[in-house]
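Just below is one structure, and these are the notes that go with it.
The values are calculated or read from the model by the stated rules, or taken from the named source; none is laboratory data. Quick caveat: nothing in here was measured; it's all calculated off a predicted structure. Here Cβ is always computed from backbone atoms with ideal geometry, including for glycine, and neighbour counts include all displayed protein chains.
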Amino acid sequence: MRFSPEHLVIAPVLIPLIAGALQLFLDDRGRKLKATLSVLATVALLIISVWLLRFTYVNSHASAGKITVYLLGNWPPPFAINLVLDHLSAMMLTLTATLALPALIFSLGRWHKSGAHFHTLFLLLLMGLNGAFLTGDLFNLFVFFEIMLAASYGLVLHGSGLLRVKAGLHYIAINLVASFLFLIGVALIYGVTGTLNMADLALKIPQISASGYMLLESGAAVLSVAFLIKAGMWPLSFWLPATYAAAPAPSAAIFAIMSKVGIYVLLRLTLLFFGNNPDFPDGPGAQILLYGGLATIGFGTVGVLASQTLGRFAGFSVLVSSGTLLTSIGLVQTGVTAGALFYLVSSTLAISALFMLIELIERGQNMAASVLAVTMEAFGYQDEETENEEIVGVAIPRTIAVLGTCFAACAILLIGLPPLSGFIAKFVILSALFSPDTASQATDITAISWGFTALLILSGLATLIAMSRSGIHTFWAPSVDTMLPRVLLIEILPIAALLGVTLVLTIQAGPVMRFMEATATSLHAPHPYIEKVMNTPRATVLSQPEEQVE
Amino acid sequence: MELILSLGIGILAGSGVWLLLRPRTYQVIIGLGLLSYAVNLFIFSVGRLVMNNPPVTQAGAQVDSATFADPVPQALILTAIVIGFATTALFLVILLAARGLTGTDHVDGKEPDR
């Protein structure tokens with residue numbers, strides 16, 4: 001068989017599926033083999049996704065980039081369930097693999113021993129994520145969503161324990177309801193349009209009669225609620241911090257991208273379905289995203305300040321990040337979208353690193369003591385003994401120094417301070433906000449822009465306060481019963497690697513930003529996407545003449 | 001037929017939501033079950049209600065779409081049933097684990113203070 005690069009499009013789905021399924025045949029005595037298999041599969045995923053990213057971007061001369069459509073079962077579009085690889089999906093695939101490899105290596109330190117089938121669940125989660133990013137079919141999206149969620153249920157509960165079971169119970173119940181909403185939305189949209197292919201839907205939606213349009217809009221609204229629950233928009237987000245804080249560290253690290261799946265789908269579908277509609281930016285859909293996003297930033301900011309443990313703090317940081325992205329989507333401007341994509345990558349990497357780091361820091365701490373320390377500070381209690389003590393220079397242990405450096409880097413990224421990529425991301429969003437694109441002719445800066453700016457900066461300030469407070473407590477003035485955390489090298493290296501990726505993002509900000517701009521442009525003008533999907537020819541069967549010879 | 005189906009969906013969904021909001025885990029899972037029936041019936045209804053029409057066409061024959069049932073919603077329901085069944089079974093295990101660990105069947109893991 002002749003190898004063609006288009007076949008690699010399905011590899012991000014197949015590799016974790018096969019590797020994950022194979023592991024079911026190994027029992028826990030073969031843990032080393034399992035770990036090797038998982039690492040190999042994830043490395044392969046990383047290589048392939050980077051290759052696909054280059055394939056999509058570097059070889060493209062058209063403004064919209066190269067779009068590859070993979071017809072499953074070689075059925076003609078729009079009947080086929082198709083996988084579509086464009087800029088956005090290639091970027092999300094690469095981000096997933098970039099997060100997955102460090103999280104997996106981190107888990108090899110100790111987490112993968114604390115329960116059965118960690119590797120299988122982890123790989124299936126990757127399969128669900130990759131499939132959701134690749135698919136061009138609404139119902140297929142549901143299937144991949146469910147694969148992802150089912151694996152995530154297992155990963156939340158990995159390691160068991162009272163806290164995880166309690167948080168997992170709420171998480172699963174909420175997500176099951178969200179899945180039903182997803183189905184209702186899909187059914188309504190199918191009922192009106194008679195198709196589930198995303199590109200075909202984009203063609204059919206403008207032709208719908210006025211009476212059907214109302215039904216379609218309610219379908220889209222119900223569908224969005226399912227994604228907004230996933231993305232954590234206020235007031236649908238109360239489950240998120242508790243669940244993410246309770247999940248074991250490597251699971252939480254990969255969950256950082258799970259809330260971005262909701263964002264991804266919203267970004268893709270709203271622009272694909274309603275992007276052509278000139279009323280959309282001022283319509284209720286965009287407004288809900290806009291104000292909901294602002295409320296989410298506000299809620300996340302308050303939560304960040306109020307959280308007493310680092311785990312909950314990281315959970316609320318996810319909300320701040322989601323809120324920023326939702327608001328950016330709601331603004332429906334190409335420049336803002338480009339900045340939001342950069343912010344998505346940067347914040348996801350930072351939050352993922354933070355979740356792993358927190359576990360290492362808290363390993364040495366007495367949980368109750370750290371909660372007490374924050375509370376005591378809030379009420380103005382002073383530890384009297386410390387004041388009388390002579391101040392003696394204490395050598396900072398090496399572990400603490402490394403952990404502290406990583407913590408500071410995470411803080412800089414989340415707050416959005418220069419020099420790391422968090423600053424660039426926020427700067428690009430804000431600068432696009434204050435120089436609206438010439439097409440929209442809106443030269444005056446709206447109150448919304450000011451509100452968004454204020455909230456974005458305030459959320460950074462709140463993060464700064466919360467992180468310096470816990471940083472001081474953890475690294476400079478640890479309480480008496482703190483032990484030195486025992487940290488393995490393979491646990492600190494993944495965190496350093498993730499932070500290294502953000503450093504690369506910072507240094508290579510120019511090329512990366514150009515990519516994001518190309519992605520945003522192709523999202524806001526989806527015609528090439530639609531045409532490419534609808535006009536993809538079926539693959540011709542090459543081997544038939546040979547069979548006849550035989 | 002339309003009235004019966006819509007009433008059925010409405011009653012199932014209504015009771016499902018009500019049970020879902022109850023404090024006991026057993027009520028929650030029954031609520032989820034009822035809700036999933038309602039959703040499946042709803043998906044079925046978007047394919048239009050027709051009687052005695054096959055969903056499968058003959059190969060090569062002329063097809064008049066008015067005399068055929070829409071097969072897609074039926075396929076969707078099958079998938080939805082399988083996935084719903086698997087996740088509900090998983091949820092049941094969590095319920096048992098929560099009951100064992102917390103010693104109560106309250107969804108918050110502790111009895112409310114009275």
_Within region B:55-74, take every residue that is surrounded by 13 or more Cβ atoms within 10 Å (Cβ to Cβ) and among the aliphatic types (A, V, I, L, M) and give me the one that is farthest from the other protein chains (Cβ to nearest Cβ)._
B:Ala69
*Of all residues in region A:225-270, which are at pLDDT 90 or above and among the hydroxyl-bearing types (Ser, Thr, Tyr)?*
A:Tyr264
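Taking A:Ser346 as the residue in question, decide whether it is touching a helix residue (DSSP H, G or I) at 6+ places or on another chain (Cβ under 9 Å), in a helix (DSSP H, G or I), at pLDDT below 75 and of a type outside the set (A, V, I, L, M).
Numbers: touching a helix residue (DSSP H, G or I) at 6+ places or on another chain (Cβ under 9 Å): yes; in a helix (DSSP H, G or I): yes; at pLDDT below 75: no; of a type outside the set (A, V, I, L, M): yes.
In short, no.
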*Restricting attention to region B:94-114, which residues are surrounded by 14 or more Cβ atoms within 10 Å (Cβ to Cβ) and either touching a Cys at 6+ places or on another chain (Cβ under 6 Å) or more than 10 Å from every other protein chain (Cβ to nearest Cβ) (or both)?*
B:Thr104, B:Asp105, B:His106
_Restricting to region A:179-205, and then to whatever is more than 13 Å from chain B (Cβ to nearest Cβ) and over 28 Å from the mean Cα position of the chain (by Cα), can you tell me which residue is surrounded by the fewest Cβ atoms within 10 Å (Cβ to Cβ)?_
A:Leu203
*Could you tell me which numbered condition A:Ser209 fails, if it satisfies all but one of (1) closer than 15 Å to A:Thr243 by Cβ; (2) more than 14 Å from chain B (Cβ to nearest Cβ); (3) of a type in the set (Ser, Thr, Tyr)?*
(1)
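Would you be able to tell me the number of residues in region A:404-436 that are more than 22 Å from A:Leu357 (Cα to Cα) and of a type in the set (Val, Ile, Thr)? Talk me through it step by step, then tell me what you get.
Initial filter on region A:404-436 (more than 22 Å from A:Leu357 (Cα to Cα)): A:424-436.
Next, from what is left, pick out any that are of a type in the set (Val, Ile, Thr): A:424, A:428-429.
Counting residues in region A:404-436 that are more than 22 Å from A:Leu357 (Cα to Cα) and of a type in the set (Val, Ile, Thr) gives 3.
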*Write out, first by first residue and then by second, each pair whose Cβ atoms fall under 9 Å of each other, whose residues are 6+ apart or on separate chains, and whose first residue, in region B:84-99, is in contact (Cβ under 8 Å) with a residue 24 or more places away in the chain and within 18 Å of B:Pro23 (Cα to Cα) while the second is surrounded by fewer than 14 Cβ atoms within 10 Å (Cβ to Cβ) and of a type outside the set (Phe, Trp, Tyr).*
B:Ala98/A:Leu162
*Does A:Leu138 satisfy being within 11 Å of another protein chain (Cβ to nearest Cβ) and farther than 15 Å from A:Ala252 by Cα?*
yes
*asked:* List the helices (runs of 4 or more DSSP H) inside region A:50-157, counting only whole elements, that have at least 3 residues being closer than 21 Å to A:Leu498 by Cα and touching a Pro at 6+ places or on another chain (Cβ under 8 Å).
replied: A:87-107, A:118-134
*For the subset of region B:78-92 comprising residues that are within 9 Å of chain A (Cβ to nearest Cβ) and among the aliphatic types (A, V, I, L, M), which member is nearest to A:Gly194 (Cα to Cα)?*
B:Ala80
_Candidates B:Thr25, B:Thr57, filtered to the one that is closer than 21 Å to A:Val156 by Cα and β-branched (Val, Ile, Thr)_ = B:Thr25
*All but one of (1) assigned to a helix (DSSP H, G or I); (2) within 30 Å of A:Phe144 (Cβ to Cβ); (3) at the interface with chain A (Cβ under 9 Å from one of its Cβ atoms) hold for B:Arg48; which doesn't?*
(1)
*region B:37-83, subset of a type in the set (Gly, Ala, Ser) and out of contact with any Leu (no Cβ under 8 Å at 6 or more places or on another chain), residue nearest to B:Thr104 (Cα to Cα)*: B:Ala75
*Considering every residue within region A:473-496, establish whether at least one is surrounded by 15 or more Cβ atoms within 10 Å (Cβ to Cβ), at pLDDT 85 or above, over 14 Å from A:Ile361 (Cβ atoms) and not hydrophobic (A, V, I, L, M, F, W, C).*
yes
*Restricting attention to region B:19-41, does a residue exist that is more than 8 Å from chain A (Cβ to nearest Cβ) and surrounded by fewer than 12 Cβ atoms within 10 Å (Cβ to Cβ)?*
yes
